[in-house]
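*Asks:* One structure, as structure tokens, below. Some questions next.
FYI, it's all coordinate maths here, none of it is from the lab. A quick note: this is a predicted structure, and the numbers were derived from the prediction, not measured. Every residue, glycine among them, receives a Cβ derived from its backbone with ideal geometry; neighbour counts consider all protein chains shown.
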Amino acid sequence: MRVFTALLLLCLAGLAGAHPEDELCVPGEDGMDPELCALLAEMNSSEGALDQSGDNELLAVLDEQRGFFETLRLYVGIGIGHILPDGADHILFVLAIFLASVRVGALVWQISAFTVAHTVTLALAATGFITPSSSVVEPLIAFTIAFVAIENLVFREMTRWRPAVVFGFGLIHGLGFAGFFGELGLPPGQFWSALIGFNVGVEIGQLSVILVAAIVGYALRRWLRDPAGIAGYRSWIVRPGSALIGLTGLWWGVTRLL
């Protein structure tokens with residue numbers, strides 16, 4: 001309760017541009033609880049104390065006060081936000097998958113493979129069974145984007161091995177999700193509810209991208225009078241879109257290596 005009180009006072013004082021301990025921690029009967037004063041002073045002891053790492057620590061403190069379903073709901077939102085709008089590399093990978101899939105069945109196979117794969121490595125990395133290095137994972141994620149996009153340019157239809165490729169690349173993307181998840185500073189008591197919620201949020205974000213792409217793709221195929229998506233749609237949408245995604249992935253891969 002004291003933590004929540006201190007946080008509330010700190011936020012209110014921050015809006016006013018003042019230091020709460022200066023305003024409220026005064027001698028006498030009207031003064032604040034000395035323990036709260038000490039907590040406020042510690043939280044406000046240095047300029048920029050509430051940076052991103054500080055936010056994560058505060059989030060962990062607040063998580064200790066939440067129940068299972070409250071934490072689950074919170075991390076569903078965090079998972080969605082990690083994809084929309086922050087997960088540009090994951091969005092491009094999903095779009096590259098979409099562009100290769102004229103038929104619904106092919107799209108379902110690829111998305112299912114990607115989902116299962118990144119769920120596995122997210123869980124393994126988050127629980128400490130594997131400890132990937134972000135300096136390796138992040139360039140690899142970029143190159144997976146480039147590979148899938150280039151494959152779209154080489155083959156007119158989805159290859160038989162594409163689901164296996166997507167599964168393998170999904171394992172790498174799951175390590176990227178785990179790197180972000182591990183930076184949140186989770187309290188041990190809420191780990192599983194946070195992990196499940198985060199993964200559900202990632203899936204919601206991913207499916208949202210697919211839904212929007214499907215709506216836009218359907219409209220473009222009608223406009224191009226190519227309902228099968230094998231003539232004008234491929235020439236004007238799939239090939240240029242895949243080329244742009246592939247170049248972006250290559251650029252990100254090289255810059256992340258450097």
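*Asks:* Please give the length that would be gained between Phe155 and Ile204 if that part of the chain were fully extended, namely 0.36 nm times their separation in residues minus their C-alpha to C-alpha distance (nm, one decimal).
*Replies:* Full extension of this stretch gives 14.7 nm more.
*Asks:* Now, a different point. So what's the net charge close to Leu153: Lys and Arg +1, Asp and Glu -1, counting the other residues with Cβ under 14 Å from its Cβ?
*Replies:* +2
*Asks:* Using θ = phi - 60° and the Karplus curve 6.51 cos²θ - 1.76 cosθ + 1.60, what whole-Hz ³J(HN,Hα) does each residue of the range 102-107 get, with Gly and Pro shown as x?
*Replies:* Values per residue, Gly and Pro as x: 6, 9, 4, x, 5, 5 Hz.
*Asks:* Would you kindly derive the ³J(HN,Hα) couplings of the range 210-225 from the backbone phi angles with the Karplus curve 6.51 cos²θ - 1.76 cosθ + 1.60 (θ = phi - 60°), listing them in order in whole Hz, with x for Gly and Pro?
*Replies:* With the stated coefficients, the range 210-225 comes to 4, 4, 5, 4, 5, 5, 5, x, 4, 5, 5, 5, 5, 5, 8, 6 Hz.
*Asks:* I would also like to ask the following. ³J(HN,Hα) across the range 150-161 via Karplus (A = 6.51, B = -1.76, C = 1.60, θ = phi - 60°), whole Hz, x for Gly/Pro?
*Replies:* 5, 4, 4, 6, 7, 10, 6, 10, 4, 6, 5, 8
*Asks:* When the chain is fully extended, how far beyond the present Cα-Cα distance does Ala164 get from Trp236, taking 0.36 nm per residue of separation?
*Replies:* Extra length available between Ala164 and Trp236 comes to 23.2 nm.
*Asks:* What does the highest-first list of 87-94, 170-177, 245-252 look like by mean Cβ count within 10 Å?
*Replies:* Result, highest mean first: 170-177, 87-94, 245-252.
*Asks:* Label points 7 Å out from Cα along the Cβ direction at Ser135 and Ala243: separation in nm?
*Replies:* Roughly 3.6 nm, to one decimal.
*Asks:* Taking the Cβ of Ile230 as the center, what net charge do the other residues with Cβ under 13 Å away carry, scoring Lys and Arg +1 and Asp and Glu -1?
*Replies:* That sum, taken over residues with Cβ under 13 Å, equals +4.
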